[in-house]
Amino acid sequence: MITIKGVLSRLTYQNPDNQYTVCRIQVEKIQDPITVVGYLAGVAEGETLTLKGQWASHPKYGDQFKADTYEVTLPATVSGIRKYLGSGMIKGISKSLADRIVDKFQEQTLEIIENQPEKLMAVAGIARGKLQVIQKAWNTHHAVRRVMQFLQENNVNVAHAGLILKTYGPGALQILETDPFRIAIDIPAIGFAAADALARAKGVEKINEKRLCACLLCQLLVCESDGHVYADKQELFFACARLARVDPDLFPPALDTLAAAGEILLWDDRVYLVRLFKAEKGIADRLSALLSMPVPDPGISRDVILEQVLTGMAVKLSDEQLEVVCQVMARKVSVITGGPGTGKTTLVRALCQVFRHRRLTAVLAAPTGRAARRLSETTGKKAFTLHKLLGYDTEQGTVAHNFTNPLNLDVFVVDEASMVDTQLMFHLVEAMPPGASLILVGDTFQLPSVGPGNVLSDIMASGRVSVFSLTKIFRQAMQSPIVRHAHDIRNGQMPDFKTRDSQDLSEFYFIENQHSEKVVETILELCAKRVPATFPHITDFQVLTPMHRGEAGTINLNQQLQAVLNPGKGGIDNHGISFRPGDKVMHLKNNYEKEVFNGDIGQVVEVSKSESRVTVEYDGRMVPYDLLELDELTLAYAISVHKSQGSEYGAVIIALTMAHYPLLQRNLLYTALTRGKHLVIIVGSSRAVHMAFENNRTNLRRSGLKDRLAS
């Protein structure tokens with residue numbers, strides 16, 4: 001183990017999720033700064049670091065010092081303190097404010113902030129509100145360091161520090177010391193092993209019941225994150241036995257303890273977390289209740305439907321579309337599905353026209369803000385996000401509308417229903433009044449919901465609900481190679497991406513590149529030179545990739561694309577991401593106060609360093625973010641295929657390489673391909689494309705909804 005000591009001169013990159021850091025350290029008596037990489041949570045420019053690790057050689061970036069552990073020494077000199085505070089490390093302290101603070105308190109500055117923060121109000125620009133922001137940021141920053149030290153001392157991966165602090169805040173250390181198994185349950189991404197290492201260090205025995213129960217709960221949460229609604233009992237016991245390194249026979253009593261405590265519920269040999277059991281059963285019960293209601297009289301003839309649609313939309317329905325409209329009008333619950341170009345959107349517009357004629361209150365909704373806006377644009381009728389419509393409270397996990405306070409509607413139309421997971425579908429059906437009808441519109445060939453379950457697929461497969469599959473591809477749509485390739489994939493036929501109808505400009509291109517580095521270079525050239533010639537606005541085209549990590553992942557692609565499409569300075573840095581005027585950004589979680597939702601894409605229009613504020617434009621609406629809110633933003637030049645669901649873009653550029661092999665699936669290829677309206681370019685290897693096509697494991701999620709509905 002090698003030890004080096006120096007001053008952090010530049011923070012090049014820091015992943016906000018796991019705190020993986022790339023920085024430059026100025027070591028005494030060495031002229032040029034050295035590059036250090038490692039999990040260095042809570043470090044800032046101007047700090048003195050003592051690092052232990054080893055040297056490594058990166059094929060692209062040369063010699064680097066890989067840090068395994070580190071300690072921080074705060075600066076003691078006025079110049080060091082000035083650089084330290086002026087780095088932006090403490091949110092609320094700009095460079096100019098840092099200068100004023102240091103000018104007043106000199107070498108005592110850091111001691112004042114730590115122990116006598118109220119004295120800061122003597123500095124111009126610091127009122128009570130600003131002081132509270134500074135105190136919170138200072139405590140949070142130093143909590144990072146204390147948690148890192150604790151994890152290092154207990155031989156737990158320090159990469160977990162960022163997530164632990166994001167979950168628990170400054171009180172994280174107390175939780176780690178007093179109840180380590182809590183992190184296995186509250187933060188499934190960290191897992192049982194890290195929590196167990198902390199508990200075992202405190203002398204907890206292998207057969208301790210609390211340890212066994214925590215292992216079971218953690219494994220059920222892992223199953224949930226993998227998309228499963230329940231776990232098979234015996235498989236659960238064997239998985240936990242491997243994880244906890246004990247005999248599987250020890251787990252049945254622990255499972256009984258969890259059942260008695262109301263943590264889990266059993267259905268035959270299926271083990272459920274209580275909330276998932278209630279959600280799945282609730283969906284089945286509610287849909288069964290809706291289906292038991294008397295079949296509504298359509299109250300309208302085929303001729304009147306044709307007349308209303310033709311008059312209101314200037315569109316003549318095909319025989320297939322007309323038949324579906326007539327059938328849906330006579331159903332309490334129905335599903336409309338079909339691939340691109342089959343007229344799903346026209347059908348929904350026609351239904352809205354007929355509902356209007358019959359004076360029925362129809363409410364349109366979709367799982368994401370982008371999907372809701374697209375639904376509104378195509379129908380001319382206001383559409384809502386499901387979360388906003390239901391009055392979802394993200395902090396409490398509750399909804400305003402349920403069976404005691406139902407929505408005011410006659411017909412509930414839900415688009416992009418394949419994205420709706422088990423719990424959201426439960427809230428959806430709970431909020432419907434007893435006499436209402438439900439219409440689910442979606443494409444089950446797309447990626448499944450991010451949350452657990454195969455809800456739309458299970459409803460369709462149950463045999464209880466009428467399913468109307470649109471199969472006819474309209475002539476104009478069939479002329480598009482995007483549509484043809486998508487339907488080939490749906491039908492289990494591998495498209496020939498390399499064959500073109502003519503040498504003229506096409507809507508689809510496949511550019512062969514075997515290596516991720518070359519894929520990135522090609523994408524940069526396409527985005528900088530070729531694509532903007534036809535799609536000039538930065539929101540007209542979108543780069544998609546399966547993964548976040550790696551050379552052709554979202555993290556690296558966003559850095560590279562920002563450097564090419566929006567170079568320069570003048571931005572505000574947050575966890576290694578620089579937000580500059582003109583940047584394309586994505587909002588990461590539902591914010592009902594700002595009316596911006598997870599996955600919304602906008603463009604930075606103003607950066608005010610003096611006020612520590614970034615303003616983003618979303619479809620003509622200006623939304624401000626202060627420094628403490630920047631964690632809700634990330635760059636969006638490149639986004640994951642999962643994040644693109646529910647959206648359409650003028651042009652789509654898809655990175656697809658063998659480095660993405662863990663996520664290469666047919667539904668991912670199909671979803672990515674169908675995001676482009678006028679142009680799709682795949683950049684990658686034929687082998688990766690074939691691997692994605694051949695991997696059709698879309699029905700492996702454990703869900704009991706189909707069985708509950710069918711019984």
Any chance residue 643 is of a type in the set (D, E, K, R), in contact (Cβ under 8 Å) with a residue 24 or more places away in the chain and over 30 Å from residue 691 (Cα atoms): no
Which listed residue is surrounded by 23 or more Cβ atoms within 10 Å (Cβ to Cβ), under 23 Å from residue 556 (Cα atoms), touching a Leu at 6+ places or on another chain (Cβ under 6 Å) and in contact (Cβ under 8 Å) with a residue 24 or more places away in the chain, from 655, 672, 636: 672
Residue 613 basic (Lys, Arg) and out of contact with any strand residue (DSSP E or B) (no Cβ under 9 Å at 6 or more places or on another chain): no
Within the range 558-592, tally of residues that are open to solvent by 10 Å² or more (accessible area, probe 1.4 Å) and charged (D, E, K, R): 4
Qualifying positions in the range 187-216 - within 20 Å of residue 254 (Cα to Cα) and surrounded by 20 or more Cβ atoms within 10 Å (Cβ to Cβ): 192, 195, 196, 199, 211, 212, 213, 214, 215, 216
Verdict on residue 555 being among the aliphatic types (A, V, I, L, M), assigned to a helix (DSSP H, G or I) and either open to solvent by less than 40 Å² (accessible area, probe 1.4 Å) or closer than 15 Å to residue 643 by Cα (or both): yes
Answer residue from the range 123-153, given it is small (Gly, Ala, Ser), open to solvent by 40 Å² or more (accessible area, probe 1.4 Å) and within 17 Å of residue 85 (Cα to Cα) and is nearest to the chain's Cα centre (by Cα) among those: 125
Residues (in contact (Cβ under 8 Å) with a residue 24 or more places away in the chain, within 25 Å of residue 706 (Cβ to Cβ) and open to solvent by 30 Å² or more (accessible area, probe 1.4 Å)) located in the range 231-251: 232, 233, 234
Qualifying residue in the range 228-238 (condition: more than 30 Å from residue 669 (Cβ to Cβ), part of a helix (DSSP H, G or I), modelled with pLDDT under 95 and not polar (S, T, N, Q)): no
Residue, nearest to the chain's Cα centre (by Cα), within the range 338-354, restricted to residues that are open to solvent by 10 Å² or more (accessible area, probe 1.4 Å) and either over 23 Å from residue 419 (Cα atoms) or of a type in the set (Ser, Thr, Tyr) (or both): 345
Filtered residues of the range 547-573 (kept if under 26 Å from residue 665 (Cβ atoms) and within 19 Å of the chain's Cα centre (by Cα)): 547, 548, 549, 550, 552, 553, 554, 555, 556, 557, 558
From 606, 595, residue being open to solvent by 10 Å² or more (accessible area, probe 1.4 Å) and under 19 Å from the mean Cα position of the chain (by Cα): 595
Residue 659, sole failed condition from (1) out of contact with any helix residue (DSSP H, G or I) (no Cβ under 7 Å at 6 or more places or on another chain); (2) on the phi < 0 side of the Ramachandran plot: (1)
Residues that are under 19 Å from the mean Cα position of the chain (by Cα) and within 13 Å of residue 648 (Cα to Cα), drawn from the range 366-380: 368, 369, 370, 371, 372, 373
Failed condition for residue 81, given (1) farther than 22 Å from residue 613 by Cα; (2) in a helix (DSSP H, G or I); (3) among the β-branched types (Val, Ile, Thr); (4) touching a residue at least 60 places away in the same chain (Cβ under 8 Å): (4)
Residues that are open to solvent by less than 80 Å² (accessible area, probe 1.4 Å), among the charged types (D, E, K, R) and over 25 Å from residue 153 (Cβ atoms), drawn from the range 57-99: 82, 91, 99
Test: residue in the range 680-702 that is under 22 Å from residue 482 (Cβ atoms), open to solvent by 10 Å² or more (accessible area, probe 1.4 Å) and of a type in the set (Gly, Ala, Ser): yes
Test set (1) more than 20 Å from residue 333 (Cβ to Cβ); (2) surrounded by fewer than 20 Cβ atoms within 10 Å (Cβ to Cβ); (3) among the small types (Gly, Ala, Ser) - residue 371 fails condition number: (2)
Residue match in the range 430-449 (condition: at pLDDT 95 or above and farther than 23 Å from residue 278 by Cα): yes
Sole residue being closer than 27 Å to residue 295 by Cβ, among the polar types (S, T, N, Q) and over 29 Å from the mean Cα position of the chain (by Cα), chosen from 469, 457: 469
Residue ID - nearest to residue 649 (Cα to Cα), chosen from residues in the range 531-552 that are of a type in the set (Ser, Thr, Tyr) and either open to solvent by less than 70 Å² (accessible area, probe 1.4 Å) or part of a strand (DSSP E or B) (or both): 539
Meets criteria (within 23 Å of residue 25 (Cβ to Cβ) and either outside any strand (DSSP E or B) or among the polar types (S, T, N, Q) (or both)) for residue 64: yes
Residue 540 vs. criteria more than 19 Å from residue 641 (Cβ to Cβ), in contact (Cβ under 8 Å) with a residue 24 or more places away in the chain and of a type in the set (Asp, Glu): no
Matching residues in the range 558-574 - criterion: being polar (S, T, N, Q) and in a loop (DSSP other than H, G, I, E, B): 566
Residue count, the range 29-56 (criterion: surrounded by 11 or more Cβ atoms within 10 Å (Cβ to Cβ) and either outside any strand (DSSP E or B) or among the acidic types (Asp, Glu) (or both)): 10
Members of the range 154-186 that are open to solvent by 60 Å² or more (accessible area, probe 1.4 Å) and charged (D, E, K, R): 166, 177, 182, 186
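The values are calculated or read from the model by the stated rules, or taken from the named source; none is laboratory data. These numbers come from a predicted model, not from an experiment. All Cβ positions, glycine included, derive from the backbone under ideal geometry; neighbour counts span all protein chains shown. We work out accessible area using only protein heavy atoms, side chains counted, and drop any ligands, DNA or RNA first. Shrake-Rupley method; radii C 1.70, N 1.55, O 1.52, S 1.80 Å.
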